[in-house]
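This report concerns only the one structure given below.
Nothing in this text is a laboratory measurement; each read-out follows from the coordinates by a stated rule. This is a predicted model, so every value here is computed, not measured. Here the Cβ is made from the backbone with ideal geometry for all residues, glycine too, and neighbour counts use every protein chain on show.
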Amino acid sequence: RNHRRDFDCRSDIDKMNAPFLTLYESLVPAEEEKVKQKKLLTSLEKLVNKEWPQAQLYLYGSCANSFGVSKSDIDVCLSIEDLNISKADLLLKLADMLKLDNLKNVQALTHARVPIVKLMDPESRISCDICINNVLAVVNTKLLRDYAEIDNRLRQLAFIVKHWAKSRGVNETYRGTLSSYAYVLMCIHFLQQRKPAILPCLQGMEATYAITIEDIKCVYFDKVEKLRGFGARNRESISQLVWAFFDYWAFRHDYANSVISVRTGSILSKRAKDWTRRIGNDRHLICIEDPFEISHDLGRVVDKYTIKVLREEFERAANVLQYDRNPCVTLFDPYVP
Ligand code: CTP
Ligand code: MG
C-alpha cells in the first residue's frame, strides 16, 4: 500500500479530461426524456387523485436528484395522510387501479424492505416504482440536487463513478456492495474535503430550508444559486478528480476508524457513532453516514467478503488511471466473474 507514487505527471492525467467529459455528456439524459417523465407523473397523479384527492406524487432518486443517466427507471413517492388502510392494502388497491388504466407489468411488492408497486407505461416505455410516504427520500433527493447546482464537477464525477460501479458490478446492495445514493455521498464528501474545497457543507450553514419528518429535523442552506463559484479557487480538472477519488478510497481512507459525514462536512470517528462492532446485520466496514437519518450507515450492506471486493476495485481503478495505457476504456471494462 505504501509503494504508490504520487501522480506527478499532470499532462498524462490531463489527457483523460476530454474522454471523461465525452463519456459524461453521453450519459446525461436528453431534455425530452425529462418531459416524458413529468408527463407520466402528471397522469399518474390524476389517476391517484380520483381515489385519494389529497394525495400527491413526488419524484425522487436519480430521476430527480440530477444524477440519473438516460433511460433509467423513475422512482415516485406517493404522499398521503391519515391512512385508514394498511400500506400493503393501499399498494394492492393502487396496483388494481393502475392495471385498469392499462399500465403494464403492474406488480405490488408488499413484503419488500421498501414496499412498492412497479409498473411500465407502454406509451413512453418508462418503468416506475411507486412507494408510499417515503418523504425523507424526497428530501435527501433535494439535498443531492442542490449540491449538484454548486459545481459541475460533482455531477461529472458522480456520473463517472456510477458508470464505473455499474460496469464493475459493485453497485448492487442485494449483493453487499453500495447503492448509487452511497456513491453520490462519497463524491460529495470527497469534494468537501478537497483543498481548497470544491463543495461547502450545506447543513453547516445558515438554515434557509427546514422540514421535520418523523421527528428528524432536516435543515440546511438551499439558496445554492448564491454559491455558484464556491469551488472556483480549486482548479482541478475532472480527470484529476476522478483519479484522486479512487486514490482516496483505495489508499487514504481510514476504514478502521473513520465515518464520512456529508452532514458535518468532515470525518467522524466510528467510536463517536458507536459503529465499532457488528450489531445485527450492520457491520460498519465502510461507514457512510446518511445526511438526515444519522443512525443509518449506508455501508451497512457491506460484509467481510464484499469489503474486500470493493477495496480491490478502488485499488484497481486507481492503478488503471495511473499506469494503464488506455485508462478511459480499461477503467470501465465489465467485470466478468
Ligand atoms: N435512498 C435512501 N436511502 C438508501 C438508499 C436510497 O434514502 N439507503 C433513496 C435516496 O433518495 C435515493 C433513492 O432512494 O436518491 C434512490 O436510491 P438509488 O437507487 O440508490 O439511487 P438512484 O439515484 O436512483 O440511482 P440509479 O441511477 O442507480 O437508480
Ligand atoms: Mg433509482
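Before moving on, here are some points about what is shown:
- Taking CYS218, CYS63 and counting other C-beta atoms within 10 Å, the order from fewest to most: CYS218, CYS63
- Karplus-derived 3J(HN,Hα), 6.51/-1.76/1.60, for each residue of the stretch 295-307, Hz, glycine and proline x: 7, 8, 9, 6, x, 5, 6, 7, 10, 5, 7, 6, 5
- Peptides 230-239, 69-78 ordered by packing proxy, namely the average of other Cβ atoms within 10 Å per residue, highest first: 69-78, 230-239.
- The chymotrypsin sites (Phe, Trp or Tyr not before Pro) of the stretch 303-335 that meet both conditions, a loop assignment by DSSP and at most 15 other Cβ atoms within 10 Å of the site Cβ, are TYR305, TYR335.
- Between the helical axis of 152-167 and the longest alpha-carbon principal axis of the chain there is an angle of about 80 degrees.
- Rounded to the nearest whole angstrom, the semi-axes of the ellipsoid equivalent to the stretch 25-158, taken from the Cα gyration tensor as √(5λ), stand at 27, 17, 12, largest first.
- Between LYS308 and VAL114, the FRET efficiency from the beta-carbon distance, with R0 = 25 Å, is close to 0.35.
- Taking the centroid of alpha carbons for each part, the stretch 86-140 and the stretch 214-268 are 33 Å apart.
- Across the stretch 261-337, the relative contact order, built from alpha-carbon pairs under 8 Å that are at least six residues apart, equals 19 percent.
- Order of ILE288, ILE126, ILE307 - criterion: other Cβ atoms within 10 Å of each residue's Cβ, fewest first: ILE307, ILE126, ILE288
- Shape call, the stretch 164-305: gyration tensor on alpha carbons, a/c limit 1.5: oblate
- On full extension, the segment bounded by ARG233 and SER86 gains 47.6 nm, given 0.36 nm per residue less the C-alpha separation.
- The listed peptides 198-208, 177-187, ordered by packing as a protection proxy, come out as 177-187, 198-208 (highest mean of other Cβ atoms within 10 Å first).
- Taking a quarter of the surface of the Cα convex hull of the stretch 266-330 gives a mean projected area of 5.9 nm².
- For ILE74, the amide hydrogen comes within under 5 Å of the amide hydrogens of SER127, CYS128, ASP129, counting only partners 5 or more places away or on other chains and with H modelled in the peptide plane.
- Mean projection area, nm², convex hull over Cα of the chain: 18.5 nm²
- Amide H partners (placed H, <5 Å) of ILE213, local residues excluded: CYS218
- Remark: the stretch 167-217 projects, on average over all directions, an area of 5.9 nm² (convex hull of Cα atoms).
- Karplus-derived 3J(HN,Hα), 6.51/-1.76/1.60, for each residue of the stretch 237-247, Hz, glycine and proline x: 7, 4, 5, 4, 5, 4, 4, 5, 4, 5, 4
- Semi-axis lengths, Å, the stretch 178-254, gyration tensor of Cα atoms, sqrt of 5 times eigenvalues: 26, 18, 9
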